[in-house]
Structures are given as C-alpha cells and as structure tokens.
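The values are calculated or read from the model by the stated rules, or taken from the named source; none is laboratory data. These numbers come from a predicted model, not from an experiment. FYI the Cβ positions are ideal-geometry reconstructions off the backbone, even for glycines, and counts take in every protein chain you see. All accessible areas refer to the heavy atoms of the entire protein, side chains included, with ligands and DNA or RNA removed. Shrake-Rupley method; radii C 1.70, N 1.55, O 1.52, S 1.80 Å.
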Amino acid sequence: MPDRGESESRKLLRRLREAMAGESAGQERLDRITTLIAESMGTEVCSIYLFRDRETLELCATEGLKPEAVHQTRLRLGEGLVGRVGRSGRIINTENAPALPGFRYMPETGEEAYTSFLGVPIQRLGETLGVLVVQSREPRGFTADEVYALEVVAMVLAEMAELGAFVGEGAAMTARHQQPVTLRGTIGQEGVAMGHVWLHEPRVVVANPIADDPDREAERLREAVDRLRVGVDRMLDGAAGGDAEQLQVLEAYRMFANSPGWLRRMEESVASGLSAEAAVEKEQSSARARLTQVSDHYLRDRLHDLDDLSNRLLRLLTGQGKETGAQMPADPILIARNIGPAELLDYGRALRGVVLEEGSVGSHAAIVARALAIPLVIHAERITTEALNGDPIAVDGEQGIVHLRPDDSIAAAFRDKIAMQAEAQERYASIRDKPAETLCGTTIGMHMNAGLMADLPSLAGSGAEGVGLFRTELQFLLRNKMPRRSELSALYARIMQAAHGKRVVFRTLDIGSDKVLPYMTAVDEPNPALGWRAIRVGLDKPGVLRMQLQALVRAANGGPLSVMFPFIAQYEEYVAARAEMDKALERERILGHPLPSSLDVGAMLETPSLAFAPRRFFEEVEFLSIGGNDLKQFFFAADRENELVRRRYDTLNVSFLTFIEQIVRRCEETGTPLSFCGEDAGRPVEALCLAAMGIRLLSMRPASIGPVKHLLRRAHLGEVRTVIEGARARGEQSVRAAVMEYLKR
Ligand code: PEP
Ligand code: MG
C-alpha cells in the first residue's frame, strides 16, 4: 500500500478515535463520524445504513444527503445498490451508479445528484450489520487504497457497542443483542428447557480497535503470530502418529499460520491504523463472510480451521482465555458451534440444554446428549453470534426451535410447559413402584435404555425393572483409542453391580452408519445406513467382538449375563455371532475364569428380513428385541436422520402395526421372548398400540417410563385392539386418529 493511502487512512482513524472518545454520544456521534469520513475521502456524501431488522436497512446518519431522510429512508434487502451490498456483503465501487443494474434512487434523500458510489458492508464476525456509503457528484472511481480505508473504517464502526442503539428508532431503541431472536434448527434430542446461555467458546472482546502506536501494534501482531506458530508446531508434535483427522486439522492450522498472505493482510490493516486485535478480527470477519457463501464441505471445514486459528490468535493478543472469569449460570444452556462428545460429557448433567450451530443428528455429541437426556437443537444458524453469556434462552427440542432472550409471553408459555411436565413427573412418582398393569389385567414389562455408567441411578429413580438395551458403543466413541479388554470388563462389572441384580441386556458394539470410531479407518460408503455396520463389522473383523464378549463374560464373574447382537438380518449371522459367544466362553473356561450362571443370547430385529427368517431361528434365539428406530427406517425406506423424510411415516401406520403383529405372532409360535426398544416405546400412545399388538416388554428412556406407565394403567388393551382393527377394516392409513378419539372418550 503506498504511503499516501496509508497515512490518509491512519489520519482518518485517528480523527475517528477522537470523535469516538469525545463528549458526543448517540446520533450526534454518528453524524460527526459521517462528516469526518466525507471530509477525509473528499466526497460530498457519507451515509451509514444499519439493519433495522433482518430485511430492512435504515439510513441512520448522513453527511450530504437531506437530513430529514435520516431514520425515514428504508430499503429492503437487495433493493438498490445499498440493499445489494447489504445482501451480498460485497463492495460496490462505481463511477456511474445510475448505469448499474438494480440502481434506484430515493428522491427524499436528494441523492440523484451524485454519480459515484462506493458502498462497503459493515461486518462483525461475518455478520453484516449495515452498509457504509460514500458518494460524489463528479464521476470518479475510488482507488484500491480508498476502498481499503473505507473498509477499515467500517470495521471500526462495527466494533462500536452503541451501534445497535440506532436501529429500530421509534420502536424501543434497543440494542441488537437485547432483542428477542427465534432460531429454527433441527431436533437433536427432544425435551424442553429454559435457562441462561453458557458459551462453550466465549467471544474475545476487542476493547480498542484503533491503534495508538502502529509500529508497536505491528510488533505485537508479529510476536503473537510467532507464539501461535510455535504452539501449532507443538500440537502437531504431540499428535504425531495419532488420529489422522486431528492431524489433518493441525496441518491445516500450520498451513494457515505460516501463510504469508494471511499475515500480510493483517499487517496492512495494522499499517492503516487498526489495532492488532482488530486486524485479526477483520480478517476473521471476511473469512466468515466467505464461509456463508461456500457450500463445499472441504472448503467450509478449512474456513472453520482458519476461524479457530483467528480465535487462538485473539486469545494470545488479548490474554483472554477460555476462562474469562465468568460464572456458569445455575441453569446453563450450552451454546457452541460444535462440540466433541468427551467435552459434552464433561459438562454432564449440569446442563439444561444444548444448542449447536452445526452438528448432525447422528454426531457423537448428539448421541451423548441423547444418553444424558438433555434437549438438543442442532443447525441453529447464527446462535453463536447472537447469544451472549447469561442471556435468557428457551430451547424447544420437540420442535427444534430456540428462543433467545424470549419475550414475556414465550417465557411464560415455556414456564407453564415445564411446570406441567414437573407436575406430571410427580404424578408418575406415585406409580413408580407399581406395575404397568392395564385395566384388562395384562402387565407390560418396563425397562430402560442406557449407554453410560451415569444412567444407572435412573434404574431406581424411574421404576424401570431392568435395562432392556445397554448401548455399548458410547464407551468406544468417547475415546481416542480402542479401549482395552480389562477396562471394558471393569466397566461392565460396575454396571452390573449398579443394577443390583436387575437384568441388563448388553448390546454388542453397534458402529458404522452414523457412528464412526475416530480410531478406526473410516470406509467411504455411498449408503452408510445400509452399509458395513453393527454385526456386519463384528463378524468381518471379529477381533473387537471377541474382546468385547470376553470382557462381558469376565464382568459377569459367575453371575447371570444377557447379550444381544445388533442388526442381525439373517439366521446365519446369528449362528456366526452365537459361535463367537461360545468361543469366548471356552477361552474364559480355559483361563480358569468362572462362567455365567445363566446366559441369554438374543438378537435385535432391525431389518424386515429377519421377521421372515426360518422357524429354527426363532427357536434358537433366546430372545428378540425390535429396534424400532432402524426397523421403521427400513420398513418405509425413510432415513431416520433425514429431516425431509424422517417424520413422513407414522409409527401408527396400519401396515407397520400389522408387521409388528406378524413378528409377535411368529414369536408366540415358538415361545420366543420379544421386546421393543426403539424410541417409540417411550411415546405413550405408540407404546399403548404396541402393547395392543401383543408386545409385552418395552424398553425406553428412563424419563418416559412414568408417562407410558400412566397411560397403560388406564387403558384396556382389548378395547384399543378393537379400535385398531376397526381402523384397519376401514382401510385407514394410520390408526392414530381413531386411537386418539378413543382415548378422549
Ligand atoms: C433401534 O434401531 O431402534 C435401536 C434401539 O438401536 P439404535 O437406535 O441404537 O440404532
Ligand atoms: Mg438400531
């Protein structure tokens, strides 16, 4: 950048700082700033437009346009040149504005007299807050230096805390971060929660965007970048030979940290008068703005890496760590762009809810949130930029909606809903130790699903009679290397002890599809849900399965043991898996370890094919558990993780219930014990219909036991069955309406 431009922008920034430090405040200060910029740039006009709401830009201050237009002139997003800058976040620089497509002038401003136009977005952390415009009568193209100077000024403007106060004038003059925001995301885990924001990665606060001494700032920047590089190298050394994905991320960090372009751009910003922190943030802001425009996954990941790196650099410069001294609220709702499963588990049940900007239904974090039964909303776009530590927040995990700083009516509605749920829980406590016996005298077994040691206390609390499904994969997912057999057997033994003699059905490792172990080579599959997963992996690479089975036998230590294999699709797979169990027993016998006093080996029925297996399968298998989540996705060919289709088909669809009935009948013929352990077991009306179809054992989330039992105890299965048969005879698609009608009666 040539000397002239550099000193111009520095001069401008210095005057700007004086203006900002001066006595004036609010509108007066903003007016002063536009005057200053117009003077420095030698233009007749300088105007600041700010977003009044997501769709509308408002003229908030101007030098040169008609003063009466201030707070009156408003543009829709994309309207006119200003609206286009606001929408695209890209600069428009033209010496002949009227000739540009999309140009329209606002007569009330008197801007028709001006031909040249330069508009730059006012952005903070990748979010466009408004547009800064200079215009002049004479046709002139603004030089690259002038454009740059205006960008730097826009950056400083974006840092002005009071900026928000100008928008929504006439309304409450509230700052943007005080307004209620509703964000629509995707359901990660159902449940409703209210609390206060706790940011996983608190934002670094840049107190002074303008440099006092640019040479000193340049030095600070270089020192910090040096420390960053050393730190990244150290992380790389530490990770050598470890997880390939982590290495890849660190390599990308190193590449960016050493990229001359990255450092040069920041140095230029410092040379033009920004503080080192503001220079980093400016760079981060433009990377974030790019992020919103790329859809390529790989590129997005790299831009995220760059974002993380900028955060590290900001922490080094400001000395602000993750520990900001802020106190975690008593009712924290965790906000993060993304979070690893182990980190989430560290917070544990202290959290009321979790909201992620990214994530996926099948991500490990989602699996942990599910295991912890914490409401989770994912894909809540902008949540990390909108939320501030301590903001009130309401999370609706049932609809995938987040209300940040909810207004009174929404907060009241949430409080009612939560109070009603608490009341209901109390009601359920009174039937906790009573059986789920229906009015017609049938008793339905109530078991719970678990996946963590921490779930076991719920056995007593929920009134569950046992653990119908213990998902063993969490212990594998939470580590960065394969657990050892001794670790597993110690853990399984503790789980059995904590169950105090109640039955625990351990499901062997169910990985693949959505659950990928970080330390196993990932296979690229076109259709992971239909791919190499669960028992298919266990049988093809039997090392882990054998280790796990041996750990289970050892953990039982001469007591009873129940094991089931996931995703058995045909008889032969069960035979092969069962043979592995026998081998494990034999090995343990040879080693002189006690064998289980009783052993149940079962299979999960998760593919329609198994319902049609030969009779001898039903005779040999010691029990069957319907994995309704998978069975339903394969029955309807509708991906359980795809928001577009996952709720398209009702569990109470007549065809599906008829299919369940057929499975019940086949099990009855051979006397094979049958249970149902998918999510639907925990939904009262679904559970009732499953019971009406003949299911006698349900396994569900602990919190669902109360509501399901409550309904079962008031129902007459024979009557429900008649209602279902009626709907079937009438050719209805789903029995839901008929059953709901009956329940109302
Ligand atoms: C199921 O598929 O219903 C099941 C219980 O297993 P998971 O949800 O772990 O796949
Ligand atoms: Mg399953």
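Answer yes or no as to whether L459 is over 24 Å from D630 (Cβ atoms), touching a strand residue (DSSP E or B) at 6+ places or on another chain (Cβ under 9 Å), of a type outside the set (S, T, N, Q) and not in a loop (DSSP other than H, G, I, E, B).
In short, yes.
Residues are listed down the side, and each one gets a yes or a no for (1) away from ligand 1 (no atom under 13 Å from the Cβ); (2) more than 27 Å from the chain's Cα centre (by Cα); (3) farther than 24 Å from A729 by Cα:
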| position | (1), (2), (3) |
| --- | --- |
| F618 | yes, yes, yes |
| F636 | yes, no, no |
| I663 | yes, yes, no |
| T672 | yes, yes, yes |
| C689 | yes, yes, no |
| G706 | yes, yes, yes |
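Got at least one residue in region 503-512 being surrounded by fewer than 21 Cβ atoms within 10 Å (Cβ to Cβ), modelled with pLDDT of 95 or more and within 24 Å of D680 (Cβ to Cβ)?
Yes, region 503-512 contains at least one residue that is surrounded by fewer than 21 Cβ atoms within 10 Å (Cβ to Cβ), modelled with pLDDT of 95 or more and within 24 Å of D680 (Cβ to Cβ).
Just the residues that are among the hydroxyl-bearing types (S, T, Y) and open to solvent by less than 60 Å² (accessible area, probe 1.4 Å), please, taken from region 474-499.
Once the filter is applied, which keeps residues that are among the hydroxyl-bearing types (S, T, Y) and open to solvent by less than 60 Å² (accessible area, probe 1.4 Å), region 474-499 yields S489, Y492.
Let me confirm something: among H716, H710, which residue is under 14 Å from G445 (Cα atoms) and open to solvent by 20 Å² or more (accessible area, probe 1.4 Å)?
Just one listed residue meets the conditions, H710.
Answer with yes or no whether A454 is at pLDDT 90 or above, closer than 30 Å to T186 by Cβ, of a type outside the set (K, R) and open to solvent by less than 60 Å² (accessible area, probe 1.4 Å).
Considered against the rule, which asks whether it is at pLDDT 90 or above, closer than 30 Å to T186 by Cβ, of a type outside the set (K, R) and open to solvent by less than 60 Å² (accessible area, probe 1.4 Å), A454 comes out as no.
Residue by residue through region 526-557, note down the ones that are open to solvent by 50 Å² or more (accessible area, probe 1.4 Å) and outside any helix (DSSP H, G or I).
P526, N527, W532, K541, N557
Determine which member of the set E641, E606 is open to solvent by less than 10 Å² (accessible area, probe 1.4 Å) and within 16 Å of ligand 1 (Cβ to nearest atom).
Result of the check over E641, E606: E606.
Quick one: would you say V685 is away from ligand 1 (no atom under 16 Å from the Cβ), within 27 Å of G466 (Cα to Cα) and open to solvent by less than 20 Å² (accessible area, probe 1.4 Å)?
It is false that V685 is away from ligand 1 (no atom under 16 Å from the Cβ), within 27 Å of G466 (Cα to Cα) and open to solvent by less than 20 Å² (accessible area, probe 1.4 Å).
Could you say whether any residue in region 132-140 is basic (K, R) and either within 15 Å of F51 (Cα to Cα) or in a helix (DSSP H, G or I) (or both)?
Scanning region 132-140, I find no residue that is basic (K, R) and either within 15 Å of F51 (Cα to Cα) or in a helix (DSSP H, G or I) (or both), so the answer is no.
What pairs come out if I take residues in region 611-639 that are not assigned by TED's automatic domain parsing to the domain that holds F565 and pair them with residues that are open to solvent by 40 Å² or more (accessible area, probe 1.4 Å) and within 16 Å of ligand 2 (Cβ to nearest atom) whose C-beta lies under 7 Å away, six or more apart or interchain?
G628/E679; N629/R640; N629/E679; Q633/D639; Q633/R640; A638/R646; D639/R646
Which pairs turn up if I take residues in region 494-509 that are closer than 13 Å to A464 by Cα and look for partners that are not in a strand (DSSP E or B) with beta carbon separation below 7 Å, at least 6 apart in sequence or on another chain?
Cβ pairs passing all conditions: A499/L456; A499/L459; K502/L459; K502/E465; V504/I495; V504/M496.
Tell me, which helices (runs of 4 or more DSSP H) wholly within region 1-118 include 2 or more residues that are closer than 30 Å to A276 by Cα, in the same structural domain as G141 (by TED's automatic domain parsing) and open to solvent by 60 Å² or more (accessible area, probe 1.4 Å)?
Once the helices (runs of 4 or more DSSP H) in region 1-118 are filtered for at least 2 residues that are closer than 30 Å to A276 by Cα, in the same structural domain as G141 (by TED's automatic domain parsing) and open to solvent by 60 Å² or more (accessible area, probe 1.4 Å), what remains is 3-21, 26-41.
Going by the conditions given, is V270 under 32 Å from the mean Cα position of the chain (by Cα) and aliphatic (A, V, I, L, M)?
So V270 does not fit the description; no.
Please work out which one of (1) within 16 Å of ligand 2 (Cβ to nearest atom); (2) in contact (Cβ under 8 Å) with a residue 12 or more places away in the chain; (3) part of a loop (DSSP other than H, G, I, E, B); (4) open to solvent by less than 50 Å² (accessible area, probe 1.4 Å) is the condition D650 fails and give its number.
(1)
For M496, state whether it is in contact with a helix residue (DSSP H, G or I) (Cβ under 8 Å, 6 or more places away or on another chain), part of a strand (DSSP E or B) and either more than 15 Å from ligand 2 (Cβ to nearest atom) or within 20 Å of Q550 (Cα to Cα) (or both).
Judged against the criteria, M496 is not a match.
Being open to solvent by 10 Å² or more (accessible area, probe 1.4 Å) and within 16 Å of ligand 2 (Cβ to nearest atom) narrows it down to one residue among A569, A522; which is it?
Sole residue among the options that is open to solvent by 10 Å² or more (accessible area, probe 1.4 Å) and within 16 Å of ligand 2 (Cβ to nearest atom): A569.
Of these, A365, A350, A436, which one is at negative phi, of a type outside the set (V, I, T) and in the same structural domain as P702 (by TED's automatic domain parsing)?
The unique qualifying residue is A436.
With M693, M700 as the choices, which residue is surrounded by 18 or more Cβ atoms within 10 Å (Cβ to Cβ) and within 16 Å of ligand 2 (Cβ to nearest atom)?
None of the others qualify; the one that does is M700.
For region 273-318: of the residues being polar (S, T, N, Q) and outside any helix (DSSP H, G or I), which is farthest from the chain's Cα centre (by Cα)?
Out of the qualifying residues, it is S275.
I'm trying to understand the selection: among the residues of region 397-418, which are closer than 26 Å to H447 by Cα and not β-branched (V, I, T)?
G397, E398
What number of residues within region 257-270 satisfy the criterion of being among the hydrophobic types (A, V, I, L, M, F, W, C) and buried (at least 21 other Cβ atoms within 10 Å of the Cβ)?
So the answer is 3.
Does S625 count as surrounded by 13 or more Cβ atoms within 10 Å (Cβ to Cβ) and within 14 Å of ligand 1 (Cβ to nearest atom)?
yes
Please work out which one of (1) free of Cβ contacts under 8 Å to residues at least 40 places away in the same chain; (2) assigned to a loop (DSSP other than H, G, I, E, B) is the condition A738 fails and give its number.
Single failed check for A738: (2).
Each row is one residue, and each column tells you yes or no for (1) within 16 Å of ligand 1 (Cβ to nearest atom); (2) open to solvent by 40 Å² or more (accessible area, probe 1.4 Å); (3) over 25 Å from the mean Cα position of the chain (by Cα).
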position: G400; (1), (2), (3): no, no, no
position: H403; (1), (2), (3): no, no, no
position: D408; (1), (2), (3): no, yes, yes
position: A424; (1), (2), (3): no, no, yes
position: N449; (1), (2), (3): yes, no, no
position: L459; (1), (2), (3): no, no, yes
position: G463; (1), (2), (3): no, no, yes
position: V467; (1), (2), (3): yes, no, yes
position: T472; (1), (2), (3): yes, no, no
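Does R533 fit the bill of being of a type outside the set (G, A, S) and away from ligand 1 (no atom under 16 Å from the Cβ)?
When the stated conditions are applied, R533 does not pass them.
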